[in-house]
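Participant: Structure in structure tokens, see below.
The values are calculated or read from the model by the stated rules, or taken from the named source; none is laboratory data. Fair warning: this is a prediction, and the values are worked out from it, not measured in the lab. Quick reminder, even Gly has a Cβ in these numbers, built from the backbone with ideal geometry, and neighbours come from all protein chains shown. Surface accessibility is based on the protein's heavy atoms, side chains included, excluding ligands, DNA and RNA. Shrake-Rupley method; radii C 1.70, N 1.55, O 1.52, S 1.80 Å.
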Amino acid sequence: MEGMVKLDRIDINILVELQKDGRMTNVSLADAVGLSASPCLQRVKRLESAGYISSYKAHINLAKITDSVTIFTEVTLSDHKREDFAKFEANIRQVDEVLECHLISGGYDYLVRFMTRSIQHYQEVIESIIDKNIGIAKYFSYIVIKSPVMKEVVPLRKLLRH
């Protein structure tokens, strides 16, 4: 569909339900949002075409496969010109162990989330990043001990309240 699709209550409900279970059948989705199957499928296709639904993924239970460590790292760059940020971002994007990288306000420039198999593995990764000379002045690492809250579903209805 061309242009932006205006979302109505049913579209929002479809997005909320698909966030919870992207593999639910169209019939189940239609029941959950109060539509018949054909119009529900048309809406899903329209939401996909408009880019509101960007992908469907399998969430893997990593703990059943291997041990891992999550580390959040504060990164401060030496210089703050546009090309310094671009160089850092281009290089950090290439590191497989980096799951997230956020440019933030406050006392440092970036917050980066790593996942490695061990603390030693993290140390090897961060040292290889430092060795690339991509403008890191300093970094500080936080090792995650426990994650009592981890949500993958965004509170869409609350974010859209006016």
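Participant: Quick one: what pairs do we get from the stretch 44-68, first residue among the polar types (S, T, N, Q), second surrounded by 10 or more Cβ atoms within 10 Å (Cβ to Cβ) and at pLDDT below 95, C-beta under 6 Å, 6+ apart or different chains?
Facilitator: Ser49/Met1; Ser68/Leu62
Participant: Within the stretch 63-93, can you find the residues that are surrounded by 10 or more Cβ atoms within 10 Å (Cβ to Cβ) and assigned to a loop (DSSP other than H, G, I, E, B)?
Facilitator: Correct list: Ser68, Ser78, Asp79, His80, Lys81.
Participant: What single numbered condition from (1) within 12 Å of Val69 (Cα to Cα); (2) part of a loop (DSSP other than H, G, I, E, B) fails to hold for Phe114?
Facilitator: It is condition (2) that Phe114 fails.
Participant: Check whether at least one residue in the stretch 77-89 is over 15 Å from the mean Cα position of the chain (by Cα) and under 24 Å from Lys146 (Cα atoms), and report yes or no.
Facilitator: There is no residue in the stretch 77-89 that is over 15 Å from the mean Cα position of the chain (by Cα) and under 24 Å from Lys146 (Cα atoms).
Participant: For Tyr142, which of the numbered conditions (1) open to solvent by 70 Å² or more (accessible area, probe 1.4 Å); (2) under 25 Å from Gly22 (Cβ atoms); (3) touching a residue at least 12 places away in the same chain (Cβ under 8 Å); (4) out of contact with any helix residue (DSSP H, G or I) (no Cβ under 8 Å at 6 or more places or on another chain) fails to hold?
Facilitator: Result: Tyr142 fails condition (2) only.
Participant: Among Asp31, Asp21, which is modelled with pLDDT under 95 and surrounded by 11 or more Cβ atoms within 10 Å (Cβ to Cβ)?
Facilitator: Testing whether each residue is modelled with pLDDT under 95 and surrounded by 11 or more Cβ atoms within 10 Å (Cβ to Cβ) leaves just Asp21.
Participant: For Ile10, all conditions in the list (1) under 17 Å from Tyr56 (Cβ atoms); (2) touching a Gly at 6+ places or on another chain (Cβ under 8 Å) hold save one; what is the number of the exception?
Facilitator: (1)
Participant: While we're on this one: Of a type in the set (Lys, Arg) and touching a Gly at 6+ places or on another chain (Cβ under 7 Å): which single residue out of Lys87, Lys64, Lys81 fits that description?
Facilitator: Result: Lys87 is the single residue among Lys87, Lys64, Lys81 that is of a type in the set (Lys, Arg) and touching a Gly at 6+ places or on another chain (Cβ under 7 Å).
Participant: Can we say Lys45 is in a loop (DSSP other than H, G, I, E, B) and open to solvent by 60 Å² or more (accessible area, probe 1.4 Å)?
Facilitator: For Lys45, the condition - in a loop (DSSP other than H, G, I, E, B) and open to solvent by 60 Å² or more (accessible area, probe 1.4 Å) - is not met.
Participant: Output the qualifying pairs, or none if there are none: Cβ atoms under 9 angstrom, residues six or more apart or on different chains, first residue in the stretch 111-139 and surrounded by 11 or more Cβ atoms within 10 Å (Cβ to Cβ), second residue assigned to a helix (DSSP H, G or I) and small (Gly, Ala, Ser).
Facilitator: Here the result reads Ile134/Ala90, each pair linking the stretch 111-139 to a residue that is assigned to a helix (DSSP H, G or I) and small (Gly, Ala, Ser).
Participant: Okay, moving on. What pairs come up if the first residue lies in the stretch 6-23 and is in contact (Cβ under 8 Å) with a residue 24 or more places away in the chain and over 22 Å from Lys151 (Cα atoms), the second is open to solvent by less than 40 Å² (accessible area, probe 1.4 Å) and among the β-branched types (Val, Ile, Thr), and their beta carbons are under 8 Å apart, counting only those six or more places apart or on different chains?
Facilitator: Ile10/Val33
Participant: Which one of these is in a loop (DSSP other than H, G, I, E, B) and surrounded by 16 or more Cβ atoms within 10 Å (Cβ to Cβ): Ile60, Ile14, Ile53?
Facilitator: Only one candidate qualifies: Ile53.
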